[in-house]
Amino acid sequence: MLNSVAFVVFLTTVWHQAEVAPASGVVPEGAAQMIEKHAKALDGLELIIATERVSMAETSNLPVELQILNSPSFLEPESYLVRIDGRRFFQRLTQGSSGVIAGEATFNGKILFSGRPPASGVESLLTIDTVDRSLGEAKRKATSRNHFFWTYFEEAGYHLPASPREIGEPTSSLVLHLAKQGRVISWSTDSEPGGLHDVTIEAPDPWSRRKMTPDQITAAVAHLRTSKSRERQSLLLQRLSERSELNPTRLYRFSLDPAIGFAVRSKWEMTLNRELLFHSSCEDFVKLPDRDLWIPKVIQTLVHASDLHPTYIAQSPIQRITNSVEKVTPKSFGDSDFELWYDAPGGSVFDYTAKDATADTPVTYNVPAKTSDLARAAAVSGLGFTPTRLLIALNVVFAISIAVWLWRNPRGAK
């Protein structure tokens with residue numbers, strides 16, 4: 001999904017999973033069953049979610065790296081159309097009052113597509129990715145690409161697959177997902193009957209999954225045009241790499257309400273020293289008819305930190321994000337609800353499913369201008385097109401991905 005962020009970086013990154021000590025707490029069996037049942041009840045829903053960001057800090061009081069958070073491009077209102085159907089997902093992001101489509105992603109049960117349609121003279125971009133675990137993210141040297149961005153759902157306590165490593169998995173509970181990745185530190189219950197459950201989990205820090213050598217950092221920023229840009233991005237990558245060594249995990253705290261299916265009332269993310277990074281409050285719960293599901297109509301998130309400057313944590317919030325459910329509709333979806341393809345001539349396609357693609361290098365080609373060209377398809381592309389290899393460095397696609405990740409990832413600019 002694209003945006004106007006000025007800094008783009010191609011990363012050659014070694015990903016690693018932070019090690020977490022064995023669990024010292026236990027998820028109550030009854031609670032686990034109810035939580036998972038609650039998460040599964042999202043199946044068969046189409047939602048429209050509005051996102052609004054409000055700055056809470058003067059630009060001059062922010063570090064230079066975070067001042068971009070106050071720019072108009074970051075504060076534009078957004079709207080997400082989301083479809084959930086078992087292991088199939090669709091998401092469309094529109095921005096601004098004009099409703100320009102900034103990005104789309106879908107997994108149709110077999111293939112993963114994500115990109116941006118053509119608009120205002122700008123050609124389309126489309127990535128077609130594999131869900132084959134033998135070609136998955138674990139074996140890729142390049143940065144992991146999140147094709148979906150599930151901010152509302154993560155703050156509401158759900159885990160939905162976002163990258164090729166996860167695609168093919170169903171919706172699940174974020175609490176149980178984090179407990180599986182890390183360890184439950186505590187699980188306590190209010191002494192009052194029907195009281196809230198307070199849960200604290202230590203799990204891998206999503207900002208601490210980059211580990212780069214100085215040479216890798218130099219290579220990653222070499223394509224940037226100005227020395228100032230190279231210096232700024234080098235510093236960011238250095239900080240993220242250092243964080244992967246110093247802060248491999250973070251704390252997640254949840255307040256769960258058993259009266260509404262153990263839905264998340266509040267969520268906190270903190271460093272191991274209990275420094276607050278994010279705090280979300282879920283409000284105005286509604287129960288959907290004919291299913292055991294209560295969803296918050298509004299989620300308010302106070303932001304104290306960003307992975308644009310991972311060593312900076314503000315005492316007071318620097319941004320408030322409001323996610324509001326504008327519409328939720330139970331639906332029986334068909335295959336057409338999970339289709340994504342841009343047929344305008346000249347669009348760029350990055351295809352990891354083509355037979356000549358590798359785990360790190362997609363086959364790249366342009367959408368043909370004539371339908372008669374489709375007849376020459378079979379040689380390389382599984383979609384029926386003869387790829388015309390572009391004279392573009394392949395790092396462009398990864399640069400775009402990282403720019404988007406830094407801007408849109410909920411652990412970054414939220």
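Candidates in segment 275-333 are the residues that are β-branched (Val, Ile, Thr) and not in a strand (DSSP E or B); of these, the one that is farthest from MET34 (Cα to Cα) is THR311.
Let's see how each residue does on (1) at pLDDT below 95; (2) in contact with a helix residue (DSSP H, G or I) (Cβ under 6 Å, 6 or more places away or on another chain); (3) among the β-branched types (Val, Ile, Thr); (4) within 20 Å of LEU42 (Cα to Cα):
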{"residue": "GLN233", "(1), (2), (3), (4)": "yes, yes, no, no"}
{"residue": "GLU242", "(1), (2), (3), (4)": "yes, no, no, no"}
{"residue": "GLU245", "(1), (2), (3), (4)": "yes, no, no, no"}
{"residue": "LEU277", "(1), (2), (3), (4)": "no, no, no, no"}
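Against the condition at pLDDT 70 or above, in a strand (DSSP E or B) and more than 24 Å from the chain's Cα centre (by Cα), how does ILE201 come out, does it pass? For ILE201, the condition - at pLDDT 70 or above, in a strand (DSSP E or B) and more than 24 Å from the chain's Cα centre (by Cα) - is not met. From the list VAL14, VAL20, VAL26, the lone residue that is at pLDDT below 95 and surrounded by 15 or more Cβ atoms within 10 Å (Cβ to Cβ) is VAL20.
Selection over segment 37-72 of residues that are loosely packed, with under 14 Cβ neighbours inside 10 Å and assigned to a helix (DSSP H, G or I) gives a count of 5. Could you go through segment 90-103 and let me know if any residue there is at pLDDT below 90, closer than 20 Å to THR361 by Cα and assigned to a strand (DSSP E or B). Taking every residue of segment 90-103 in turn, none turns out to be at pLDDT below 90, closer than 20 Å to THR361 by Cα and assigned to a strand (DSSP E or B). For segment 343-363, a residue qualifies if it is surrounded by fewer than 19 Cβ atoms within 10 Å (Cβ to Cβ) and either in contact with a Leu (Cβ under 8 Å, 6 or more places away or on another chain) or at negative phi (or both), and the qualifying residues are ASP343, ALA344, PRO345, LYS355, ASP356, THR358, ALA359, ASP360, THR361.
Take segment 356-385 and flag every residue that is assigned to a loop (DSSP other than H, G, I, E, B) and at pLDDT 80 or above. Passing the criteria: ASP356, ALA357, PRO362, VAL367. Of the residues LEU293, LEU277, LEU302, which is in contact with a His (Cβ under 9 Å, 6 or more places away or on another chain), surrounded by 19 or more Cβ atoms within 10 Å (Cβ to Cβ) and over 30 Å from GLN233 (Cα atoms)? None of the others qualify; the one that does is LEU293. In segment 331-351, the residues that are basic (Lys, Arg) form Cβ pairs under 7 Å with partners that are outside any strand (DSSP E or B), at six or more places apart or across chains, as follows: LYS331/GLY44.
Taking into account only those residues within segment 116-157 that are in contact with an Asp or Glu (Cβ under 6 Å, 6 or more places away or on another chain) and either assigned to a strand (DSSP E or B) or among the polar types (S, T, N, Q) (or both), which is modelled with the lowest pLDDT? It comes out as ALA142.
Taking the criterion of being within 15 Å of the chain's Cα centre (by Cα), of a type outside the set (A, V, I, L, M) and in a loop (DSSP other than H, G, I, E, B), the residues of segment 158-191 that qualify are PRO161, SER163, PRO164, ARG165, GLU166, THR171. For segment 155-168, the set of residues classified as touching a residue at least 40 places away in the same chain (Cβ under 8 Å), of a type in the set (Asp, Glu) and surrounded by fewer than 21 Cβ atoms within 10 Å (Cβ to Cβ) is empty. Can you pull out the residues in segment 257-274 that are under 13 Å from ILE201 (Cα atoms), of a type in the set (A, V, I, L, M) and assigned to a strand (DSSP E or B)? Answer for segment 257-274, where residues must be under 13 Å from ILE201 (Cα atoms), of a type in the set (A, V, I, L, M) and assigned to a strand (DSSP E or B): just MET270.
Residues that are of a type in the set (Val, Ile, Thr), in contact (Cβ under 8 Å) with a residue 60 or more places away in the chain and farther than 17 Å from VAL298 by Cβ within segment 309-330 comprise THR311, ILE318, THR329, listed in sequence order. Across segment 321-341, a minimum of one residue is classified as under 20 Å from the mean Cα position of the chain (by Cα), closer than 19 Å to ALA105 by Cα and surrounded by 14 or more Cβ atoms within 10 Å (Cβ to Cβ).
The values are calculated or read from the model by the stated rules, or taken from the named source; none is laboratory data. Not measured: the values here are computed from a predicted model. Cβ sites come from the backbone with ideal geometry, for glycine too, and all protein chains shown count toward neighbours.
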